[in-house]
Amino acid sequence: MLDFSINTVTLLYLVASVCFIQALKGLSHPTTSIRGNIFGMVGMLIATISTFGLIGNMANVLGTQSLLSGIILVALGIAVGGAIGATMAKKVEMTKMPELVAFMHSMVGLAAVFIAIAAVIEPHALNITEKGLQIPAGNRLELFLGAAIGAITFSGSVIAFGKLSGKYKFRLFQGAPIVFSGQHLINLIVGISIILLGVVFTLTENWAAFFLLLALSFIVGVLIIIPIGGADMPVVVSMLNSYSGWAAAGIGFSLGNSMLIVAGSLVGSSGAILSYIMCRAMNRAFLSVILGGFGGETDLTQSSGESKPIKTGSADDAAFMLGNADSVIIVPGYGLAVARAQHALKELTDKLIEKGIQVRYAIHPVAGRMPGHMNVLLAEAEVPYDQVFEMEDINSEFNQTDVVLVLGANDVVNPAAKTPGSPIFGMPILEVFKAQSVIVNKRSMASGYAGLDNELFYMDSTMMVFGDAKKIIEEIGKSTED
């Protein structure tokens, strides 16, 4: 049985914390992401072993038999959870990655809730206080915060999972925002009630107050996510990521576990920063996303029913345009992920490059259904990192580009963002409309998450090629060879 001294555990926790910091640093860029993941795995392994060593130190408190049974249960939980996680990660399709992330966030929040409940019912078992004594007020405050944030994270992530999936008929899981009269007032009342009940629990250790605030926290998690439309889902994913970190940190303070505090704070702060970056990329105020979502006013901007002329073409037409260009920029969107066409696209770009054509990829920060979705998609197809450019680095290149190939992207290339009065006015977009020619591949003329007609589709320089992205790309590739 492992039995580390407290000094050894503290040192190992410090090493694990450094690994986590290096993991975040590595994950900040695709070229170092593998190294970042390795640092994260090593850090978690060190933290887990250290925790087992810390548990071994409690033999004199719990007794050898109780300690052994506890360790076996923990090890069993790690084995079962690890097996489930590994299986899910291996089998998940790229289109389902956002749902997987939302699911993981929900599990972190639920774990925080369960730990908080156990700490309130049996505080001595978690070494918070001696048996029969009250939980200190400071610990009660930490438990209140950790449990409330964890409950909000869990229920909010469940709703986000349903919205991202888009296959459930249950109204709360549908992508369209759910708004009703007095919604913000109800959220405010529930939020204030949670705070007041938390204060009561902190001052009196009233169990009824704790479990009531927990129930209200589950409810408010649902209430703050249902009015958020699909257009803002990338922000929601990063926001819930932040919440899960703060929930873990709050529980870490209660348990006196420095590793939980550090790891939770890193996740919480990085998620908050990412949420800010996502909001800035969408020209959205973070508070407005949380308080109401995207969808209330978008119906006002729908097309009036007039039939607008569009220029359509075939895969052969697209191949001719691409094959005669000197420079090509490809804009991937969620449609590319749905069609699983990233590998076919890589083969096409290789053929164009062999012809001496300059090919680059342009990535919008909120393309897809979660932050970095398109970067992961292209990395899976082993697209060289030096061909992939972020929006701010490539926007100035569109007016010097012969052909832009848009695959499934919609709102992130919509020129309506330049039109005052549009719901997405001011949102930074990939300025593909400045290119000499634009090829847009979509299954239909359906609008994007924001529910807006895309003005790009009707421009003289745009040719629409309808069909499944993988099939169209493969046909373009064959025509390019001829």
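Brief remarks on what is shown
- Accessible surface computed residue by residue for segment 138-262, with neighbouring protein chains in place and a 1.4 Å probe, gives 39 Å² per residue.
- Residue (of 436, 105, 206) at the positive-pole extreme of the chain, dipole from beta-carbon charges: 206
- Portion, in percent, of the accessible area of the chain that falls on carbon or sulfur, probe 1.4 Å: 64 percent
- Taking only the Cα atoms of segment 195-285, the ratio Rg/Rh comes out at 1.06, with Rh defined as the Kirkwood radius.
- With contacts taken as Cα pairs under 8 Å at a separation of at least 6 residues, the chain carries a relative contact order of 14 percent.
- Nearby aspartates and glutamates by direct alpha-carbon distance to residue 478 (threshold 18 angstrom, same-chain neighbours under 8 apart not counted): 316, 317, 347, 350, 354, 468
- When peptides 84-96, 253-265 are sorted by average Cβ neighbour count within 10 Å, with the highest value leading, the order is 253-265, 84-96.
- Excluding same-chain neighbours fewer than eight residues apart, the aspartates and glutamates reachable from residue 90 by a Cα-Cα span under 20 Å are 99, 380, 382.
- FRET efficiency, 1/(1 + (r/R0)^6) with R0 35 Å, evaluated for residue 129 and residue 222 via beta carbons: 0.55
- Förster radius 22 Å - calculated FRET efficiency between residue 24 and residue 277, Cβ distance, rounded to 0.05: 0.95
- Taking all pairs of distinct alpha-carbon atoms in the chain, Kirkwood radius in angstrom: 24.6 Å
- Two-site label geometry, residue 208 and residue 478: point separation in nm, points 7 Å out along Cα→Cβ: 7.3 nm
- Note: relative contact order over segment 1-144, using C-alpha pairs below 8 Å and six or more positions apart, is 18 percent.
- Cross-link partners for residue 163 among the lysines, with Cα-Cα distance under 17 Å and sequence neighbours closer than 8 places in the same chain left out: 96.
- Put simply, when 130-138, 372-380 are sorted by average Cβ atoms within 10 angstrom per residue, most first, you get 372-380, 130-138.
- Model label sites at residue 35 and residue 460, defined 7 Å from Cα along the beta-carbon direction, differ in position by 5.1 nm.
- Cβ-derived FRET efficiency at R0 41 Å, residue 7 paired with residue 96, nearest 0.05: 0.40
- Restraint check, 442/470; 346/471; 167/308, Cα-Cα greater than 20 Å: 167/308
The values are calculated or read from the model by the stated rules, or taken from the named source; none is laboratory data. None of these values were measured; they are calculated from a predicted model. When we count neighbours, we look across all protein chains shown, and the Cβ atoms used for this are built from the backbone with ideal geometry, even at glycine. Note: accessible area is taken over every heavy atom of the protein model, side chains too, but ligands, DNA and RNA are not part of it. Shrake-Rupley method; radii C 1.70, N 1.55, O 1.52, S 1.80 Å.
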